[in-house]
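Participant: Quick one: the structure is below, and I'll ask about it shortly.
The values are calculated or read from the model by the stated rules, or taken from the named source; none is laboratory data. What you see is a predicted model, and the numbers here were worked out from it, not measured in a lab. For neighbour counting, all protein chains shown are included, and Cβ atoms are generated from backbone atoms with ideal geometry for every residue, glycine included. Only protein heavy atoms, including side chains, enter the accessible area calculation; ligands, DNA and RNA are left aside. Shrake-Rupley method; radii C 1.70, N 1.55, O 1.52, S 1.80 Å.
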Amino acid sequence: MEKGPGVSNTDDNDTSSNGTTRRGFLTQITYAGAGLTLAPLLVRTKNILPGAPPGSAETSTINLTVNGQKHALNIDERTTLLDALRENLQMTGTKKGCDHGQCGACTVLINGRRINSCLTFAAMCQNSEITTIEGLAKGDGLHPMQEAFIKHDAFQCGYCTPGQICSAVGLMNENHVHTDADIHELMSGNICRCGAYQNIVDAIKEVKNIA
Amino acid sequence: MEPFKLIHPNDQHTAIASSGGANVKFIAGGTNLVDLMKLDIEKPAQLVDINSLKLQTIETLSNGNVRIGALVKNSDLAYHPVIMKNYPVLSEALLSGASPQIRNMATVGGNLLQRTRCPYFYDTSFPCNKRVPGSGCSAINGYNRMNAILGTSSQCIATHPSDMCVAMAALGAIVHVEGLRGKREIPFHEFHLLPGQTPQYETTLKHGELITAVEIPAIPYAAKSHYLKVRDRHSYEFALASAAVILNVVNGRIQTARVALGGVGTRPWRAVLAEKVLTGALANEQTYRTAAEAALSEAKPHKDNAFKIELAKRTLVRALKTVGGMS
Ligand SMILES: Cc1cc2nc3c(=O)[nH]c(=O)nc-3n(C[C@H](O)[C@H](O)[C@H](O)COP(=O)(O)OP(=O)(O)OC[C@H]3O[C@@H](n4cnc5c(N)ncnc54)[C@H](O)[C@@H]3O)c2cc1C
Ligand code: SF4
Ligand code: FES
Ligand code: FES
């Protein structure tokens, strides 16, 4: 039974008869369709389904501090930080785009610095403070960068947005922005398929106060 | 991804002692290794996470050289005041590579050992001598627009992808390594290997040896230096051609020249032939053009990448003009 994303009547985690989850299927589509020129041209979309990979796994118990909260997780050593956040902690704010460092959708902050969570193993992040999009707001008060993204309509579909916002917060912490051109260059690690770039730059300028 | 065991030693001695086994690898930033493991190109049985080792400092030594710990992040090195002021070529090369996120993760040691972006190396369904020795090279008669034109062999034409290494080659850096048999210092031009008949061997680092630092010589005139990178899009892309240029010009004449090319070589390409032309010559356009001709005189194009010869020449001339001016 074939189910494309458009005809599926199942929920996000439902597994179809061929073992492909809908979310996994969408991930494959996104990856294959990303078309980034730096993507290795002929790479196929195998082995990227989250969840239990084949082979007899080494598991271990690790501690992650996410948005100020400590979590003990028993995980397969192969779990990336991105998959640990999404699949083990059910924090799906952080997105998976390419899973290969090429899009920035998975950007989170580690000790205040932006990184791609798809390129590190969760077990290597145990002594760090991890901040995700879920951790930026203080109670009901949005982070200024979140406010600015809303004010400037800095997204369409919103898929890249958590990564864009975390990246922009990291950019502020780094403090190397002086001009618009600096914003363009230093936000280039976040691809937006909808092309909301101009409004993203406007939002960042507002927070940076160089509008 | 194949299963593996991950250990996190706290000191260098334990890390090195744990790395002797056949299928053991160090992991630093993970930006290259995790990617390659996801694609089943690298399949280590054990990973030694070296991030707790004390290799994170940048220090100026008493002889003026700068010693950079192997775990210094690419972004920290690029924005370090001493590097920005005295070695702009290195700062610019680092900042032209990857994305801010990746530069925040990537380390100096890992950057030295990053593997090629040849598309056939990445696709395990194609023959590739670098990935599976003896299986053949799919790029030589395949799609080879991004592949190398200098230093190629009948077995492999893969480009060395690093920007940082091009600047390090021009600077004549020294790689410090330590293994079970003790410490060694490897001059930069002896660190990366040409593919020859054995493209699977990429460096002279021995199995189990840990890179501990990279040392940059004191070069007073390197404060006037530049890295120029040309690529298919403005940012977040590997080089089609790049040039690292360091010139000492006195009264309009070039006293010393250090030049390296990226995006065109099978290893970070020190352009010795161009340096010969430049040394002692007048700093003018004619000299720069002659040097660029010399730099590319041994280039061998393939079906899709002949354009790189002219592109690399123009890239080098522009970088030379920027640093040397016109007299
Ligand atoms: C999307 C993307 C775009 C990129 N664009 C560019 C670009 O434009 N220009 C560019 O130059 N680079 C680019 N890169 C590559 C990036 O610079 C490298 O992945 C990075 O420098 C590797 O460093 P790391 O610390 O993450 O290495 P790791 O992935 O941790 O390790 C790489 C290799 O080095 C070994 N290793 C690491 N540290 C040591 C040590 N101290 N001693 C011995 N062995 C060690 C590991 O065993 C492994 O084999 C890009 C990468 C990605 C994912
Ligand atoms: S050029 Fe080298 S890396 Fe690319 S397919 Fe040929 S052997 Fe493999
Ligand atoms: S998911 Fe694309 S960079 Fe991590
Ligand atoms: S808003 Fe749709 S990808 Fe950026």
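Participant: Return the residues of region A:101-145 that are open to solvent by 10 Å² or more (accessible area, probe 1.4 Å), away from chain B (no Cβ under 14 Å) and touching a helix residue (DSSP H, G or I) at 6+ places or on another chain (Cβ under 8 Å); say none if nothing qualifies.
Facilitator: Within region A:101-145, A:I133, A:L136, A:A137, A:L142, A:H143, A:P144 qualify.
Participant: To continue, here is another question. Here are the criteria: (1) surrounded by fewer than 22 Cβ atoms within 10 Å (Cβ to Cβ); (2) touching a Cys at 6+ places or on another chain (Cβ under 7 Å). Tell me which single one B:C156 does not satisfy.
Facilitator: If we test B:C156 against (1) surrounded by fewer than 22 Cβ atoms within 10 Å (Cβ to Cβ); (2) touching a Cys at 6+ places or on another chain (Cβ under 7 Å), just (1) comes out false.
Participant: Which of the numbered conditions does B:A274 fail, given that it passes all the others? Conditions: (1) surrounded by 24 or more Cβ atoms within 10 Å (Cβ to Cβ); (2) within 16 Å of ligand 1 (Cβ to nearest atom).
Facilitator: For B:A274, the failing item is (2).
Participant: In region B:92-109, how many are open to solvent by 10 Å² or more (accessible area, probe 1.4 Å) and among the hydroxyl-bearing types (S, T, Y)?
Facilitator: Selection size over region B:92-109: 1.
Participant: Okay, moving on. When region B:178-195 is examined, which residues are found to be buried (at least 24 other Cβ atoms within 10 Å of the Cβ) and part of a strand (DSSP E or B)?
Facilitator: Scanning region B:178-195 gives a single hit, B:H192.
Participant: Among what's in region B:194-253 and is touching a Pro at 6+ places or on another chain (Cβ under 9 Å) and of a type in the set (F, W, Y), pick the residue that is nearest to ligand 3 (Cβ to nearest atom).
Facilitator: Per the stated criteria, the residue is B:F238.
Participant: Right, here's the next one. Residue by residue through region B:120-145, note down the ones that are buried (at least 23 other Cβ atoms within 10 Å of the Cβ) and facing chain A (nearest Cβ under 9 Å).
Facilitator: B:Y120, B:F121, B:Y122
Participant: If you scan region B:96-140, which residues turn out to be polar (S, T, N, Q) and within 16 Å of ligand 1 (Cβ to nearest atom)?
Facilitator: B:S96, B:S99, B:Q101, B:N104, B:T107, B:N111, B:Q114, B:T116
Participant: Looking at region A:146-205, which of the residues that are within 16 Å of ligand 3 (Cβ to nearest atom) and free of Cβ contacts under 8 Å to residues at least 12 places away in the same chain is surrounded by the fewest Cβ atoms within 10 Å (Cβ to Cβ)?
Facilitator: Among those residues, the one meeting the criterion is A:G158.
Participant: Check A:D182 against each of (1) in a helix (DSSP H, G or I); (2) within 19 Å of B:E237 (Cβ to Cβ); (3) within 14 Å of the chain's Cα centre (by Cα) and name the one condition it does not meet.
Facilitator: Single failed check for A:D182: (3).
Participant: Mind listing whichever residues of region B:23-48 are open to solvent by 10 Å² or more (accessible area, probe 1.4 Å), free of Cβ contacts under 8 Å to residues at least 60 places away in the same chain and closer than 25 Å to B:R181 by Cβ?
Facilitator: The answer is B:N23, B:K25, B:E42, B:A45, B:Q46.
Participant: Given (1) β-branched (V, I, T); (2) within 14 Å of chain B (Cβ to nearest Cβ); (3) closer than 24 Å to A:K96 by Cα, where does A:I200 come up short, assuming only one miss?
Facilitator: In the conditions (1) β-branched (V, I, T); (2) within 14 Å of chain B (Cβ to nearest Cβ); (3) closer than 24 Å to A:K96 by Cα, A:I200 misses (2) alone.
Participant: Examine region A:88-98 for a residue that is closer than 30 Å to B:R233 by Cα, within 13 Å of another protein chain (Cβ to nearest Cβ) and in contact with a Pro (Cβ under 8 Å, 6 or more places away or on another chain), and state whether such a residue exists. Break it down stepwise before answering.
Facilitator: Step one: of region A:88-98, the residues closer than 30 Å to B:R233 by Cα are A:93-98.
Add one more test, that the residue is within 13 Å of another protein chain (Cβ to nearest Cβ), and what stays is A:94, A:96-98.
Then drop every residue that is not in contact with a Pro (Cβ under 8 Å, 6 or more places away or on another chain), which leaves A:94, A:96.
Taking every residue of region A:88-98 in turn, at least one turns out to be closer than 30 Å to B:R233 by Cα, within 13 Å of another protein chain (Cβ to nearest Cβ) and in contact with a Pro (Cβ under 8 Å, 6 or more places away or on another chain).
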